[in-house]
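J.: One structure is given below, represented as structure tokens, and several questions about it will come after.
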Amino acid sequence: MTFNVGLLGHGTVGAAFHELFESRAEAIEASTGMRPEISGVLTRSRGDFEDLLERSDLIVEVMGGLEPAREYMLRAMQAGKHVVTANKQVLSHHGEELYAAARESGVQLRFEAAVGGVVPVIRVIHETLAAAHIERVHGIVNGTTNFILTEMARTGASYEEALADAQRLGYAEADPSEDVNGKDAAAKMAILARLAFGAPVHIEDVPAEGIEQLTSDDIAYAKEFGLSLKLIGTAERVDGGISVRVFPAFLYGDHPLASVNGSFNAVTIESASITEITLSGPGAGGPQTASAVLGDVISAMIPPPTLMAPAVEHRIVKDVESAFYLHLEVADRPGVLAQIAEVLGLQGVSVKSVIQHGLGEEARLVMVMHPVLESSFRAAVDLIARLDFMREPPRVIRVIEETF
């Protein structure tokens, strides 16, 4: 028996998938009892979608972008075809529409490759931990930014120098904006939040801070506190609602994400019934993404289908507690530290540790705060920025204090 797969897109991922698919066809037949074949390939310059759809049992979408990818996936599912995609943008913008189409048609929509590359976080949350009441999912979900931050810490390079290295080695695109501004990670966290909590989270609900403003000084001073710097995506239950966000954060050395370096991704899942588990592996690249896509194809060949349950509305929580790193460039005059401490204290912000470097007009104060509501801390920082001894705007980075 033949199982026909239509392929939408033949770029880096599409070509890698096609090659892997052909090389593993015999093994897949031995495992499933069906012989997989590519029924055709559609790109922007060749192929006909209607013809491909007619000859396929399943559609693999790796063309990227919002349209026509969304339209093709919807039409495929409405025609009773399973769909496998690596398209995080479509899922984070139009996920509910796609999940509903899969339920109505009784077909599978699988998207392991959309988050974390070869790291099987989608399958673990959706299937293995389906009975767990997940409290939080957080992790490093963008390999480009993790490589850049790793190089800044390892070599002392500036952000611009580390980015250039990432582009030269193929870890970053010529236009790295979606990676370095946090939007890529935000799309992935919207997908993970939908899976973990059953909430209709879209990318517009996920505030994202990137890494463009980080400096090698921040990383050097953080080492004095025993901290490492990562771009973290977090989705968690807070006060009866959920909070989903992306931000740079310092981690203490015994945090499970602190030692994840280079282009690797890692996701930690927390629940009372399992405590916590961390999944780690290569986060990007054609062969890695192709492997995850092929795994979804094989899963879809074996019934019964796995369908996404309808979403349940949750309140989105914006103001959450965090510890913070605060970097201040000041003129070292009498009473400076006392004034800063007074402003922080009036907003209920408690200082955990302080380091001072330099004297006179070139002094620096670097502080780590105890956890506090972000609104209170931001109010204090706004007041500090107006003090006449400040030489530059304050720099703020979150600190994750958990140890495991």
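The values are calculated or read from the model by the stated rules, or taken from the named source; none is laboratory data. Nothing here was measured: the structure is a model prediction, and the numbers come from that model. Reconstructed Cβ throughout: ideal geometry from the backbone, glycine too, with neighbour counts over all protein chains shown. In case anyone asks, the SASA skips ligands and DNA or RNA and just uses the protein heavy atoms, side chains included. Shrake-Rupley method; radii C 1.70, N 1.55, O 1.52, S 1.80 Å.
J.: Using only the Cα atoms of region 104-217, what do you get for the radius of gyration and for Dmax, in Å?
T.: 16.4, 55
J.: Another question, if that's okay. At a temperature of 4 °C and a viscosity of 1.567 mPa s, determine how fast region 181-229 diffuses translationally according to Stokes-Einstein, using the Kirkwood radius over alpha-carbon pairs as Rh; express D in µm²/s, rounded to the nearest whole number.
T.: Once the numbers are plugged in, D ends up at 102 µm²/s.
J.: Let me ask you something else. Pick from Glu50, Glu374, Glu61 the residue whose mean-square fluctuation is largest in a GNM of the chain, springs joining Cα atoms under 10 Å.
T.: Looking only at Glu50, Glu374, Glu61, the largest GNM fluctuation is found for Glu50.
J.: Taking the Cα atoms of region 253-345 alone, what are Rg (to one decimal) and Dmax (as a whole number) in Å?
T.: In order Rg, Dmax, the Cα atoms of region 253-345 give 23.1, 73 Å.
J.: Also, quick follow-up: Could you state the orientation-averaged shadow area of the convex hull built on the Cα atoms of the chain, in nm² to one decimal?
T.: So the Cα hull casts an average projection of 20.6 nm².
J.: A further question follows. Which of Lys88/Lys352; Lys88/Lys223; Lys88/Lys230; Lys223/Lys318; Lys188/Lys352 have a Cα-Cα distance over 27 Å?
T.: Going by Cα-Cα distance, Lys88/Lys352; Lys88/Lys223; Lys223/Lys318; Lys188/Lys352 fall outside the 27 Å limit.
J.: Helix 12-23 sits at what angle to the longest principal axis of the chain, using alpha carbons and giving 0 to 90 degrees rounded to 10?
T.: So the inclination is approximately 50 degrees.
J.: Using the Cβ atoms and a cut-off under 15 Å, what net charge is assigned to the surroundings of Ala290, where Lys and Arg are +1 and Asp and Glu are -1?
T.: -3
J.: A further question on this structure: Quote the charge dipole size of region 68-142 about the Cα centre in Debye, to the nearest 20; the model charges only the Cβ of Lys and Arg (+1) and of Asp and Glu (-1).
T.: Dipole magnitude for region 68-142 comes out near 160 debye.
J.: Could I ask something else about it? Ignoring ligands, DNA and RNA, what percent of the accessible area of region 293-335 is carbon or sulfur (1.4 Å)?
T.: Ligands and nucleic acids excluded, carbon and sulfur reach 62 percent.
J.: Something else now. Measure off, as a whole percent, the carbon and sulfur share of the 1.4 Å-probe accessible area of region 179-246, all protein chains present.
T.: Whole-percent figure for carbon plus sulfur exposure: 43.
J.: Given a 1.4 angstrom probe, I'd like the percentage of the accessible area of region 6-46 that is carbon and sulfur, rounded to a whole number.
T.: The C+S portion of the solvent-accessible surface of region 6-46 is 44 percent.
J.: Explain nothing, just the number: relative contact order of region 192-294, from Cα pairs under 8 Å at least 6 residues apart, as a whole percent.
T.: 19 percent
J.: Residue by residue through region 38-55, what is 3J(HN,Hα) from phi via Karplus (6.51 cos²θ - 1.76 cosθ + 1.60, θ = phi - 60°)? Round to whole Hz and write x for glycine and proline.
T.: 7, 7, x, 10, 10, 10, 5, 10, 8, x, 10, 5, 4, 5, 4, 4, 4, 9
J.: Moving on to the next point. What whole-number value in Å² describes the accessible area per residue of the chain for a 1.4 Å probe?
T.: 41 Å²
J.: A further question follows. Go through Leu66, Ala174, Leu337 and say which Cα lies farthest out towards the positive end of the charge dipole of the chain; charges sit on Cβ, +1 for Lys and Arg, -1 for Asp and Glu.
T.: Value computed over the given set: Leu66.
J.: Additional query: Just order 236-246, 288-298, 64-74 by mean Cβ neighbour count inside 10 Å, highest at the front, would you?
T.: Highest to lowest by the protection proxy: 288-298, 236-246, 64-74.
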